[in-house]
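The values are calculated or read from the model by the stated rules, or taken from the named source; none is laboratory data. Quick caveat, the model's predicted, so the values are computed rather than measured. Cβ sites come from the backbone with ideal geometry, for glycine too, and all protein chains shown count toward neighbours.
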Amino acid sequence: MLKQKNLIFVGAPGAGKGTISGLMLAKYPMAHISTGDILRDEVKRETPLGREAAVLMKAGKLVPDEVVAGMVRARLAQPDCRNGFILDGFPRTVNQADLLAAALKELNNPLDRVIYFKVDDETLLARLTARQNCRKCGEIYNKLFMPSKVEGICDKCGGELFQRPDDSLETAKSRLEVFYRQTRPLIDYYEKQGLLLTVTETDKERIMALLERELA
């Protein structure tokens, strides 16, 4: 059983955060918190924060850190997060990390560990440009590292696999540049707090074994 259960997953696009999140959630009763999912849910339910975000997005503007942090705080306050949580995609900046720290302090549910999935750029680009998604259930595959059993068919639901337009090499390089510019400072931020665990393994079974050992 894990003793350290309140986690942040940090890593460049294609680093494997989503894959390891899925493996962790299948084994442990943790909440998976994705800002993208939260934002869509808040907008759909027309909450005050959701309405504010919808107006901004319709105008082509970025949703302010304070609004996103407010949504994350509301999600962290839900009962299932007391069993532990994985924050995936938030924080992305040091300012967001400060807002998260304040929210967790208010909730008296402190952060245990920040997992940094460190993968070299060559591998990241190969993963991103070979990625496939299932049209039916959204399951993610990779033609090089994690292919489906039958080419073009989802193992999980039998749906059709496709490659998104934003998985081109040019887009992948741009996404990595954004990560290094905006999110990389978080590594130093959490390392200074003694919370950082850097994972350099690329095999998912080895990563799981490492995490279960380090978080026990």
(request) Would you point out the residue of region 168-191, among those that are assigned to a helix (DSSP H, G or I) and among the hydroxyl-bearing types (Ser, Thr, Tyr), that is surrounded by the most Cβ atoms within 10 Å (Cβ to Cβ)? (result) Tyr190
(request) Working carefully through the options Lys173, Lys204, find the one that is in contact with a Leu (Cβ under 8 Å, 6 or more places away or on another chain) and touching a residue at least 60 places away in the same chain (Cβ under 8 Å). (result) Lys204
(message) Exactly one condition in (1) closer than 30 Å to Met1 by Cβ; (2) surrounded by 16 or more Cβ atoms within 10 Å (Cβ to Cβ) is false for Arg131; which is it?
(response) (1)
(message) What pairs come out if I take residues in region 128-149 that are under 14 Å from Gly22 (Cα atoms) and pair them with residues that are acidic (Asp, Glu) whose C-beta lies under 9 Å away, six or more apart or interchain?
(response) Glu139/Asp155; Tyr141/Asp155
(request) Output the residues belonging to region 148-161 that are out of contact with any Asp or Glu (no Cβ under 7 Å at 6 or more places or on another chain) and surrounded by fewer than 12 Cβ atoms within 10 Å (Cβ to Cβ). (result) Val150, Glu151, Gly158
(request) Pairs only if they're at least six apart or on different chains, beta carbon under 6 angstrom, first in region 5-32 and within 22 Å of Leu104 (Cβ to Cβ), second among the hydroxyl-bearing types (Ser, Thr, Tyr) and assigned to a helix (DSSP H, G or I); list them, first residue then second. (result) His32/Ser21
(message) Of all residues being of a type in the set (S, T, N, Q) and surrounded by 14 or more Cβ atoms within 10 Å (Cβ to Cβ) in region 101-128, which is modelled with the highest pLDDT? Just the residue, please.
(response) Asn109
(message) Out of everything in region 19-61 that is of a type in the set (Val, Ile, Thr) and more than 21 Å from the chain's Cα centre (by Cα), what residue ends up being surrounded by the most Cβ atoms within 10 Å (Cβ to Cβ)?
(response) Thr47
(request) Can you confirm whether region 75-88 contains a residue that is without any contact (Cβ under 8 Å) to a residue 24 or more places away in the chain and either within 30 Å of Glu191 (Cβ to Cβ) or more than 18 Å from the chain's Cα centre (by Cα) (or both)? (result) yes
(message) Can you say whether Gly194 is outside any helix (DSSP H, G or I), under 30 Å from Ala69 (Cβ atoms) and modelled with pLDDT under 90, as far as the supplied structure shows?
(response) no
(request) Tell me which of these Leu211 doesn't satisfy, since it passes every other one: (1) closer than 15 Å to Asn133 by Cβ; (2) assigned to a helix (DSSP H, G or I); (3) modelled with pLDDT of 95 or more; (4) not small (Gly, Ala, Ser). (result) (1)
(request) Answer yes or no: is there a residue in region 192-204 that is of a type in the set (Ser, Thr, Tyr), surrounded by 14 or more Cβ atoms within 10 Å (Cβ to Cβ) and in contact with a strand residue (DSSP E or B) (Cβ under 8 Å, 6 or more places away or on another chain). (result) no
